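A short reminder: the numbers here are calculations on the coordinates, not readings from a lab. What you are looking at is a predicted structure, and each value in this text was computed from that prediction instead of being measured. Cβ atoms come from the backbone with ideal geometry, glycine included; neighbour counts cover every protein chain shown.
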Amino acid sequence: MQLRQAGNSFKGLSPFHPEKTPSFIVWPDKQRWHDYSNGGDLGGDVFDYIQRRDHCGFKEAVFTLAELSGIRRPNQDNASWSRELASMVERREVQRLLTAAAAHYHRVLPTKIRKEYYHQQYGFTDETINSLQLGWADGHLFQLFTEAQESAESLR
């Protein structure tokens, strides 16, 4: 994929959807990427990119990136290494679910709560509310996590 610099970021054509106008953005300082093509619901870090590109799980993405970086793959029979890898995979899944929850609660933040509480009572600007992804718990977390889990399983 070819990326060209655009200010502090890099832009290129989506590697996941056909397009003619660049909508794939990489922010090196944040170590994040986002693909605004086809609804703009893809993004994340380098592990997310490899998982999406190679249609693999987190563990395989770690191995791919290790190989690309010249890091030798450890002996998979090593029990302590296997526990550490399992722990990394579990932490990554929890992180993914919490990120999905934060985005959901920010998305369903009622305008009234935003204005009356976050703006007036606490003095937060829209920029602060959006950058911190302040939200409102609407009680649908189980449904959100179930849908997120189904989505993750479809990628594997």
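Using the Cα atoms of region 92-156, I'd like the radius of gyration and the largest Cα-Cα distance, Dmax, both in angstrom.
Cα only, region 92-156: 13.9, 45 Å (Rg, Dmax).
With Cα extents along the principal axes in Å defined as stated, name the option among (1) 57, 40, 27; (2) 39, 31, 30; (3) 45, 34, 28 computed from the structure displayed.
The value computed from this structure is option (1).
I'd like the FRET efficiency for residue 55 and residue 142, computed as 1/(1 + (r/R0)^6) with the beta carbon distance as r and R0 of 25 Å, rounded to 0.05.
0.35
Within region 26-125, report the GluC sites (Glu not before Pro) that DSSP leaves as loop and that have at most 13 other Cβ atoms within 10 Å. Please report the intermediate quantities before stating the final value.
Working: sites: 60, 67, 84, 90, 93, 116; in loops: none.
Nothing satisfies the criteria.
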